[in-house]
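Please read the structure below before turning to the comments.
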Amino acid sequence: MSRLRRFSSALIVLAPLFLPGVALSYPPTVGITSPARNCLACHADNGPWKEGDNLVIDILDKATLKSLRQPDGSFLISAKRGQPTIVLTVIGYRAADEQTVPYRNAWLYVDTTTIGNSSLTKFAPGWDVNLPLSCRLVGDKLEMFSDARITSLPMILMATAQARESVVMLQVVLTKGEAVKGKAKEGMLGNYFERSVKLKVEE
């Protein structure tokens, strides 16, 4: 097991201890601590945030800040085999009314074909990744999203010798409020979104 994969597995286990606002079942329960296939297994889709121009879900090349969005709304991440590639996951919402701005955003990159196996890493097989999930309070700053309340975190990927072209699902939940302990669908507003992300290996 490579160092990056060992680090990734440790991060998944320890993330709830260090990331503010993270509950043990949110978002790691998807395919990791349970066979759930998406966040709606635990969380309500009852918030005011909808698909449209106000919703920000983007993946940027870290070096150029260019969006990796494709014409069909999916994303394409290309990586040279054996070389780290860094992307930024950007999640947020544009709202004139401060009361309707999400308070925290959670996201998870998951290869749904891996759900049900014993591995803690549910990213595409053969791909090392350091931060495939997070739960983060809004407040990060990027100039191109200055009109939105966002979260933004880098993710490092590397295609190993075993990596092949794959498709992972980016699952996103925008939230506000606090869930009732043991009853995640109570006490917190949330909306669920997903995007398809293609991983391409460059030799």
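The values are calculated or read from the model by the stated rules, or taken from the named source; none is laboratory data. Since the structure is predicted, the reported quantities are computational estimates derived from the model, not experimental observations. Cβ placement follows ideal geometry from the backbone for every residue including glycine, while neighbour counts extend to all protein chains displayed.
Against the definition (over 22 Å from Asp61 (Cα atoms), touching a Gly at 6+ places or on another chain (Cβ under 9 Å), surrounded by fewer than 20 Cβ atoms within 10 Å (Cβ to Cβ) and not hydroxyl-bearing (Ser, Thr, Tyr)), how does Gly116 come out, yes or no? For Gly116, the condition - over 22 Å from Asp61 (Cα atoms), touching a Gly at 6+ places or on another chain (Cβ under 9 Å), surrounded by fewer than 20 Cβ atoms within 10 Å (Cβ to Cβ) and not hydroxyl-bearing (Ser, Thr, Tyr) - is met.
Filtering region 90-123 to residues that are within 16 Å of Ile77 (Cα to Cα) and of a type in the set (S, T, N, Q) leaves nothing.
Among the residues of region 50-79, which ones are crowded, with 17+ Cβ neighbours inside 10 Å and over 17 Å from the mean Cα position of the chain (by Cα)? Quick ask: steps written out before the conclusion?
Filtering region 50-79 for residues crowded, with 17+ Cβ neighbours inside 10 Å gives 55-60, 68, 75, 77, 79.
Hit for region 50-79 is Ala79, nothing else.
Residues checked against (1) closer than 18 Å to Ala79 by Cβ; (2) without any contact (Cβ under 8 Å) to a residue 24 or more places away in the chain; (3) part of a strand (DSSP E or B):
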site: Pro125; (1), (2), (3): yes, no, no
site: Asp128; (1), (2), (3): yes, no, yes
site: Met144; (1), (2), (3): no, no, no
site: Met155; (1), (2), (3): yes, no, yes
site: Ala161; (1), (2), (3): yes, no, no
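For region 100-122, residues that are at pLDDT 80 or above, hydrophobic (A, V, I, L, M, F, W, C) and farther than 18 Å from Leu199 by Cα total 2. Looking at Thr85, Thr151, just one residue is of a type outside the set (A, V, I, L, M, F, W, C), buried (at least 22 other Cβ atoms within 10 Å of the Cβ) and either farther than 29 Å from Asn54 by Cβ or out of contact with any His (no Cβ under 7 Å at 6 or more places or on another chain) (or both), and that residue is Thr151. When residues in region 170-203 are screened for being at pLDDT 95 or above, of a type outside the set (D, E, K, R) and farther than 24 Å from Arg149 by Cβ, 3 of them pass. Scoring Asp45 on the criteria (1) at pLDDT 95 or above; (2) part of a loop (DSSP other than H, G, I, E, B); (3) in contact with a strand residue (DSSP E or B) (Cβ under 7 Å, 6 or more places away or on another chain) leaves a single failure, condition (1).
Among the residues of region 167-189, those that are assigned to a strand (DSSP E or B), free of Cβ contacts under 8 Å to residues at least 60 places away in the same chain and over 30 Å from Gln70 (Cβ atoms) comprise Val180, Lys183.
Is it the case, given these coordinates, that Leu120 is in a loop (DSSP other than H, G, I, E, B), at negative phi and in contact (Cβ under 8 Å) with a residue 12 or more places away in the chain? Yes: the conditions hold for Leu120.
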